[in-house]
Amino acid sequence: MIKKSFIGMAKPQLLCEALESALPEPEKISISARATFLLKMPPGQSGGKSSFSFEEGDKVITGQKLALAPKSNEYVVSSVTGKILSIKPFEGNFGQMYTAVSIETAQKEEKEKAFKKTLADVTLENINKYLLNSPGCSSLRLLSDSAKPISTIIISGMDKDLLVTTNQYILKSDINAVKKGIEILKKISGIDKIIVAAPRHLMHEASGLDVTVKTVDLNYPAAFPELFMKNVLGTPLPAEKSCEDSGVCFLSCESVACLGKAFEKGEIPVEKTFTFIKKDESKVLVSAKIGTPLSDIFQGLGVSLKDKDRIIIGGPMTGFAVYSEDYPVMPDTDAVMVQDSADVSYTSGYPCINCGECIRTCPAKVPVNMLVRLLEAELYDEAAEQYDLHSCIECGLCSYVCTARIPVFQYIRLAKHELACTDSGEDNTAEEKNAK
Amino acid sequence: MQNRQFIVSHAPFWHNGSKISSRSYNTIIAAIPALLLGFFNYGSPAVGVLALSISSAMIWELVMNLITRRPITIGDGNAALIGTVFAMLLPATSPWWLVITGTFFAVVIGKEIFGGIGSNAFNPVVVAVAILMVSWKDFFDFDETLLNYDFEFIAAYPLAQLKHFGTSAITSFDTVDLLMGQQTGGMGATFGLGIIIGGIYLIIKGIIRWEIPVSFLAGVFITALLFNISDSAKYANPVFHICTGYTLIGAFFLATEDSSSPVNFVPMLLCGAFAGIMTVLIRNIGLYVDGVIYSILIMNLICPIMDKIRPKALGKVV
């Protein structure tokens with residue numbers, strides 16, 4: 001953990017991890033007995049068994065799609081061959097419902113050929129049909145949203161969070177796949193304006209790509225889309241607007257490489273590369289199939305966990321903690337972090353003491369000290385109107401520096417979630433859930 | 001598989017380790033140089049006043065915690081800090097009841113009834129001293145309270161000399177002597193150099209911001225300079241104003257209190273400068289001998305509105 005130095009006048013300079021120049025070899029981890037896939041449910045629908053075309057006991061082969069409805073864009077692709085063991089509802093962060101499908105792996109692997117047959121057909125439709133569940137690829141669906149036409153694609157070769165080097169690794173190690181992926185992107189979307197965002201030390205690799213390359217600072221949180229647009233592209237995003245709203249689509253380097261690999265090999269990619277951060281903050285690159293339970297990864301890396309430790313999906317600043325070792329590797333899992341119980345930082349019940357640390361550290365210049373007062377009182381609309389709630393880019397720095405240890409970041413995310421729920425007229429705000 | 005219990009909480013999972021208690025204790029550490037000279041000049045009564053002030057401030061906070069049935073907060077050091085700074089402003093010979101009443105006003109009236117730490121609109125210490133000054137003004141007449149001491153330096157309160165006898169009375173004060181604490185006044189407020197050292201320590205530690213003390217002192221200096229230029233026979237020079245009374249302790253320890261001072265860059269400069277200007281206005285054309293307490297009180301009042309001057313947030317057009 002990075003502590004405040006004795007000289008605390010300067011604001012914290014958190015540097016993102018730069019990939020070491022000697023290319024690390026990812027640790028390969030195989031699934032021992034069982035894989036789990038989390039199928040995202042549409043809002044208002046709880047996960048369950050009834051609505052699926054598959055049921056417990058069914059045989060599933062590698063590359064087979066498990067979808068809610070046959071035409072739906074919400075599907076998971078099985079990375080293993082085996083038998084469906086169980087189908088259970090699972091509740092994720094902020095009440096997002098999933099259906100957890102567990103598959104017992106069989107000895108012999110069979111591969112689905114449906115994608116291979118359509119290989120010549122490089123279209124957006126085909127990608128939506130097969131590749132949305134590939135590593136990092138879920139943002140590809142943004143390209144086919146006719147309500148929000150995309151004019152610029154930005155491929156990020158830099159990971160957002162601290163200590164994570166997944167996308168840097170892909171950019172460095174798999175430049176040919178990235179190149180191929182960019183060609184495919186150009187072909188399917190007809191967009192010429194493709195920009196690669198890469199850290200300075202990977203400029204050499206990135207300049208080999210036939211697109212515009214821009215440098216991203218290593219300073220956290222420079223790799224966040226909102227800040228990249230403001231600082232590098234010079235077109236700040238209006239608050240309350242998403243990147244897609246203004247025609248910009250951010251894709252991770254990994255997803256582009258996956259596109260390239262998929263069409264080269266004729267297989268739906270299921271191997272996810274991610275950074276594993278151990279208790280002593282040393283890092284290992286890991287390659288495992290989507291659906292691998294975390295317990296297999298801990299075992300494979302020889303990491304032992306005790307009671308009251310913490311398992312975090314994502315990096316130290318923006319990740320989320322999970323309560324079970326059975327949680328699987330997901331297509332968007334760029335990092336897994338474990339934290340010893342001794343290092344777990346706690347929040348306090350103190351009010352804001354107005355020290356101003358958050359004001360000085362906030363990259364979006366949000367008046368956090370006033371904002372948090374309103375959020376504590378659940379005055380979300382006022383917070384959005386008067387104190388720039390929607391300008392927040394969710395980097396977590398305010399919580400990181402808070403002297404009173406207020407969970408500012410969580411307050412902000414909760415407020416945004418509640419506002420989004422009221423706007424869309426859904427009834428799954430936390431308050432109403434508690435009332436039930 | 002064994003079933004282990006993991007801790008689930010929200011991001012971020014790191015913290016820079018800062019906490020309220022270390023802020024409070026570091027501020028108390030910064031006060032030590034100034035207090036040591038106070039002990040040296042005034043002897044054991046000064047130690048007694050400080051000890052009583054800190055302990056009674058903590059007890060008042062404990063009492064309020066119990067009455068309001070809120071968590072016990074004396075561990076965060078804020079009450080001890082209030083006690084320390086309050087004692088620094090008092091004359092070393094203050095009677096015990098004055099100290100206890102003062103910490104009551106500071107902790108209970110100044111802080112707790114507003115809702116505790118972070119909610120006080122005014123600096124608790126300043127509130128307490130202002131009430132005491134109005135109620136028992138003889139105890140803040142340093143010439144009277146320190147009468148029984150035999151100092152090696154001029155035993156007259158410089159600002160009172162200026163007020164009552166004009167600039168001719170202050171020619172005997174030497175700037176270096178004043179800075180080195182060779183003057184009468186509050187037990188921890190006279191050693192200018194010690195306060196500056198403590199203040200710089202706090203600025204380096206990031207506990208107070210340089211904007212407020214610097215603009216406060218600049219406000220005092222420039223206003224005093226203008227007065228001095230207009231009529232040097234009637235108004236003292238700016239350096240004298242900075243080295244005497246509560247100016248330095250006000251700049252570094254009073255005006256910078258977290259909850260009652262602004263957090264944005266421009267408001268910090270404005271509020272600091274405003275308090276500085278007010279100080280000299282009160283001293284030169286007002287009724288009171290020293291204006292620091294009242295000027296900071298008025299500054300606290302306008303802070304929330306001043307703090308509306310802030311940079312535009314990301315993606316905001318208006």
Study note, to complete from the structure: From the option list B:Ala46, B:Ala57, B:Ala30, B:Ala34, single residue qualifying as more than 22 Å from B:Glu257 (Cα to Cα) and not aromatic (Phe, Trp, Tyr) is B:Ala46
Check your understanding: Out of curiosity, is B:Ala87 surrounded by fewer than 20 Cβ atoms within 10 Å (Cβ to Cβ), closer than 16 Å to B:Gly188 by Cα and outside the structural domain of B:Gly185 (by TED's automatic domain parsing)?
Key -> no
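When you go through B:Leu52, B:Leu36, B:Leu81, B:Leu62 one by one, which is the residue that is assigned to a helix (DSSP H, G or I) and within 14 Å of chain A (Cβ to nearest Cβ)?
Working: B:Leu52 fails: within 14 Å of chain A (Cβ to nearest Cβ); B:Leu36 fails: within 14 Å of chain A (Cβ to nearest Cβ); B:Leu62 fails: within 14 Å of chain A (Cβ to nearest Cβ).
Result of the check over B:Leu52, B:Leu36, B:Leu81, B:Leu62: B:Leu81.
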Check your understanding: Does the range B:102-115 contain any residue that is of a type in the set (A, V, I, L, M), in contact (Cβ under 8 Å) with a residue 12 or more places away in the chain and not in a helix (DSSP H, G or I)?
Key -> no
Practice item. Specify the residue that is nearest to the other protein chains (Cβ to nearest Cβ); the eligible residues are those in the range A:268-317 that are part of a loop (DSSP other than H, G, I, E, B) and among the polar types (S, T, N, Q). Key: A:Ser304
Practice item. With the condition kept exactly as written, say whether any residue in the range A:368-384 is at the interface with another protein chain (Cβ under 8 Å from one of its Cβ atoms), surrounded by fewer than 21 Cβ atoms within 10 Å (Cβ to Cβ) and within 26 Å of B:Trp210 (Cβ to Cβ). Key: no
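Determine whether B:Phe139 is assigned to a helix (DSSP H, G or I), among the aromatic types (Phe, Trp, Tyr) and within 28 Å of B:Ile100 (Cβ to Cβ). Break it down into steps so the answer makes sense when it comes.
Details: assigned to a helix (DSSP H, G or I): yes; among the aromatic types (Phe, Trp, Tyr): yes; within 28 Å of B:Ile100 (Cβ to Cβ): yes.
For B:Phe139, the condition - assigned to a helix (DSSP H, G or I), among the aromatic types (Phe, Trp, Tyr) and within 28 Å of B:Ile100 (Cβ to Cβ) - is met.
Yes/no per residue for (1) closer than 19 Å to B:Leu297 by Cβ; (2) under 18 Å from the mean Cα position of the chain (by Cα):
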{"site": "B:Thr84", "(1), (2)": "no, yes"}
{"site": "B:Trp96", "(1), (2)": "no, no"}
{"site": "B:Ile109", "(1), (2)": "yes, yes"}
{"site": "B:Gly116", "(1), (2)": "no, no"}
{"site": "B:Phe122", "(1), (2)": "yes, yes"}
{"site": "B:Val126", "(1), (2)": "yes, yes"}
{"site": "B:Phe140", "(1), (2)": "yes, yes"}
{"site": "B:Asp150", "(1), (2)": "no, no"}
Practice item. Would you mind stating whether A:Phe37 is of a type in the set (Phe, Trp, Tyr), more than 26 Å from A:Gln299 (Cβ to Cβ), touching a Leu at 6+ places or on another chain (Cβ under 8 Å) and surrounded by 14 or more Cβ atoms within 10 Å (Cβ to Cβ)? Key: no
Point to revise | Close pairs (8 angstrom Cβ cut-off, 6 or more residues apart or separate chains): under 14 Å from B:Ser18 (Cα atoms) in the range A:336-352, of a type in the set (Phe, Trp, Tyr) anywhere | key: A:Ser345/B:Phe13; A:Ser345/B:Trp14
Check your understanding: So which residues in the range B:1-23 are hydroxyl-bearing (Ser, Thr, Tyr) and either facing another protein chain (nearest Cβ under 7 Å) or at positive phi (or both), if there are any at all?
Key -> B:Ser9, B:Ser18
Practice item. Report yes if some residue within the range A:150-162 is more than 29 Å from A:Asp245 (Cα to Cα), under 19 Å from the mean Cα position of the chain (by Cα) and aliphatic (A, V, I, L, M); otherwise report no. Key: no
Exercise for review: Kindly indicate the residue of the range B:155-195 that is surrounded by fewer than 18 Cβ atoms within 10 Å (Cβ to Cβ) and of a type in the set (A, V, I, L, M, F, W, C) and also nearest to B:Thr256 (Cα to Cα) among those meeting that condition.
Suggested key: B:Leu193
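The values are calculated or read from the model by the stated rules, or taken from the named source; none is laboratory data. Keep in mind it's a predicted model, so treat the numbers as computed, not measured. Here the Cβ is made from the backbone with ideal geometry for all residues, glycine too, and neighbour counts use every protein chain on show.
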